[in-house]
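The block underneath contains the structure these notes are about, expressed in structure tokens.
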Amino acid sequence: MTAARGTRLSRRSVLTSALALTACGRGATRASADPAQAAARRGPVPLLRDLAPFQIGTEIVSDDFGPGFDAVASTQFSQITSGYELKMEYILQPDGRLRFEGGDRIAAFCAANHQALHAHTLIWYIDNPPSFQKLEGDRKAFDAAYGRYIQAVAGRYAGQARAWDVVNEPINDDGETLRESIWTRNLGLEGHFIRAHEAAREADPHALLFVNEYGLESNPKKRAKFLNFVEAMLKRGVPIDGIGTQNHVNFELPPGQITAALRDAASLGLPVHLSEFDCSLQTDGPSLMARPDRLKAQNRLYREALEAFVALPEKQQYAFTIWGVRDKDSWLRTATWVKDHTDAPLLFDDDARPKETFWTLADVLRGR
Ligand code: 9MR
């Protein structure tokens, strides 16, 4: 199962490739400068879920379950996003059968630990399943199967899922067009989106329905297109309850962009999910910045992201989610395109010990 994950996602472009040195050298991590903070870091490890007045989430796959992982994932976070096992690529078998073992394991983990389940994701352009390919050209049959799939999956987790990402990543990186896929080819560019939201609402009337997108912080044109699209859908009465902005960033992202994107995302008045935060230390091209400076830039971006989220109107603070628990769990280590296996984008190191990024978030939540 694990080996197959990420094979179709050669998505280095998700990471921002901004000016390499923009964030360099500005401000040190505050830990070294402040004795009170240094002392706090030697004391007991606080629980982020107790410090945060909103849901604080992480992404998990059940392959990672084990003592060290579970201890952190179950205690630090009040919400869990399923990173893999509620996706069609896991659930829908070539013969059309559905498998729910992984999703059920995740839902049970959430229930056992009093955590909300953010279910991810019903429809994704990346999928191209054989059982749907067979129906291409027969719009009625395709539409019925699409509706049945959403009904079966969202219906199964009704009462357990706080929310669903319904259509993941609908906008192209050109910032002008909607992404094409087997879904849009058969049900229309907008049609497949509307149909998915309506079917999800019907299957689980209580789950909040999110539209989730990446690159909104680094690509303002895509951000504008995304927000226009969501606004147009809302005007047409499509049930959309929230906006997810992923924020897979790397240390080179200039300051201010995450903040601007979150503010814009909130402008429609819907709840906002900072849905997939991680901050890579890898670069697309060569970078002269040494690792300690990369770590400082990374910490500044963690701080900026959470401060920007905290600054949103309270009723729009749906959740702040980190995309993974330990560095070694991250897609930035395991995806097939990864060359540098030393990336450390998350809050906990390979041995599940809290890192400076963790203490930065704790500081922000304590108002420091
Ligand atoms: O982190 C996820 C990884 O475990 C999966 O193998 C991969 C393919 O399903 O998806 C990764 O998560 C992606 C998310 O679903 C959508 N936004 C980008 C995330 C990182 O690629």
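Structural remarks
- Failed item in (1) at pLDDT below 95; (2) open to solvent by less than 60 Å² (accessible area, probe 1.4 Å), with residue 339 passing the rest: (2)
- Check on residue 180, assigned to a loop (DSSP other than H, G, I, E, B) and modelled with pLDDT of 95 or more: yes
- Set side by side, the residues 259, 283 differ, and just one is of a type in the set (Val, Ile, Thr), in contact (Cβ under 8 Å) with a residue 60 or more places away in the chain and away from the ligand (no atom under 15 Å from the Cβ), which is 283.
- Of the set (1) under 22 Å from residue 93 (Cα atoms); (2) more than 16 Å from the ligand (Cβ to nearest atom); (3) open to solvent by 10 Å² or more (accessible area, probe 1.4 Å), all apply to residue 191 but (1).
- Residue selected from region 324-336 under the condition in contact with a Ser or Thr (Cβ under 6 Å, 6 or more places away or on another chain) and part of a loop (DSSP other than H, G, I, E, B), by the criterion most open to solvent (accessible area, probe 1.4 Å): 336
- Of the residues making up region 110-160, those that are outside any loop (DSSP other than H, G, I, E, B) and more than 16 Å from the ligand (Cβ to nearest atom) number 25.
- Qualifying residue in region 152-160 (condition: of a type outside the set (Ser, Thr, Tyr) and buried (at least 21 other Cβ atoms within 10 Å of the Cβ)): yes
- Applying a threshold of 6 Å to beta carbon distances and a minimum spacing of six or more residues, or different chains, the list of pairs starting in region 321-340 at a residue that is aromatic (Phe, Trp, Tyr) and ending at one that is at pLDDT 95 or above reads 323/59; 323/276; 323/278.
The values are calculated or read from the model by the stated rules, or taken from the named source; none is laboratory data. Note that the structure is a prediction, hence the values are computed from the model and not measured. A quick note on method: Cβ atoms are made from the backbone with ideal geometry, for glycine too, and the neighbour counts reach across all protein chains shown. Surface accessibility is based on the protein's heavy atoms, side chains included, excluding ligands, DNA and RNA. Shrake-Rupley method; radii C 1.70, N 1.55, O 1.52, S 1.80 Å.
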